[in-house]
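Step one of this worksheet: look at the structure below.
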């Protein structure tokens with residue numbers, strides 16, 4: 001599907017046809033017109049996180065990259081396994097839905113023929129490092145919004161992973177071995193109210209905590225925190 005053909009309905013249906021993530025970040029105090037539509041664009045563009053080959057949240061290179069609604073700006077993406085919809089509302093709420101990358105690997109067309117990921121079935125795995133990286137990006141994005149004074153003293157953050165039941169943890173790096181850790185829960189959801197000071201002071205620690213919480217719900221009850229912390233540090237320093 002080309003980006004010119006994208007609609008909210010087609011993108012949402014595709015996202016929800018397999019496993020997906022939902023992220024909500026918002027001020028705890030509701031103000032309907034906290035931002036102008038222009039500021040909705042500006043905040044996302046200035047706070048987006050680029051730590052690997054794909055930005056969070058993704059801003060398309062097409063022109064214009066956004067579509068305006070009554071009280072929000074949104075962007076749609078369906079490109080090479082990345083299927084996303086995000087909205088920034090004038091109230092300051094950021095909503096992001098995106099498909100589990102692991103579920104779309106088999107449909108990518110590698111330049112040099114079939115890859116070792118081509119046989120991964122949708123709904124079968126959750127990759128550990130991609131999960132850690134994604135939580136790190138989400139919390140880093142929230143932290144950058146906080147630095148721009150979007151929130152007062154606290155913010156609400158909710159992250160839900162849908163369609164996790166019977167998935168198995170895996171590493172893309174074949175040098176890293178892992179036992180059979182399988183999730184027995186359909187959806188993994190955690191929401192919290194965080195003070196701005198805590199978020200700014202412990203951004204990456206909070207992201208690591210949240211990632212480990214997910215891994216534990218795959219019955220990996222003792223994930224190696226220090227090793228994952230070092231993996232996260234390398235990611236933040238661009239050493240992956």
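We did not get these values from a lab; they are worked out from the coordinates using the rules stated. None of these values were measured; they are calculated from a predicted model. Every residue, glycine as well, gets a Cβ built from its backbone with ideal geometry; the counts of neighbours run over all protein chains shown.
Given a cut-off of 11 Å, what percent of all Cα-Cα pairs of the range 127-173 lie beyond it?
75 percent
For residue 5 and residue 198, calculate 0.36 nm times their separation in residues minus their Cα-Cα distance, and state this gained length in nm to one decimal.
65.3 nm
With all distinct Cα pairs included, what does the Kirkwood hydrodynamic radius of the range 133-240 come out to in Å, to one decimal, could you say?
15.1 Å
Given 0.36 nm per residue, what is the gain on full extension from residue 24 to residue 213 after removing their alpha carbon distance, in nm?
Full extension of this stretch gives 66.3 nm more.
Taking 7 Å along the Cα-to-C-beta vector as the label spot, tell me the residue 31-residue 239 distance in nanometres, rounded to one decimal.
Distance between the two pseudo-spin positions: 4.1 nm.
For the chain, what class follows from the C-alpha gyration tensor (a ≥ b ≥ c being the square roots of its eigenvalues): rounded when a/c is under 1.5, otherwise prolate if a/b is larger than b/c, else oblate?
oblate
Full extension from residue 148 to residue 82: what is 0.36 nm times the residue separation minus their Cα-Cα distance, to one decimal in nm?
Extending this stretch completely gives an extra 21.0 nm.
Label-point separation (nm) for residue 222 and residue 60, each offset 7 Å from Cα along Cα-to-Cβ?
Taking the simple label geometry, residue 222 and residue 60 are separated by 4.9 nm.
Can you tell me the relative contact order of the chain? Whole percent, Cα pairs under 8 Å, sequence separation 6 or more.
Taking the mean separation of contacting Cα pairs over the length of the chain, I get 22 percent.
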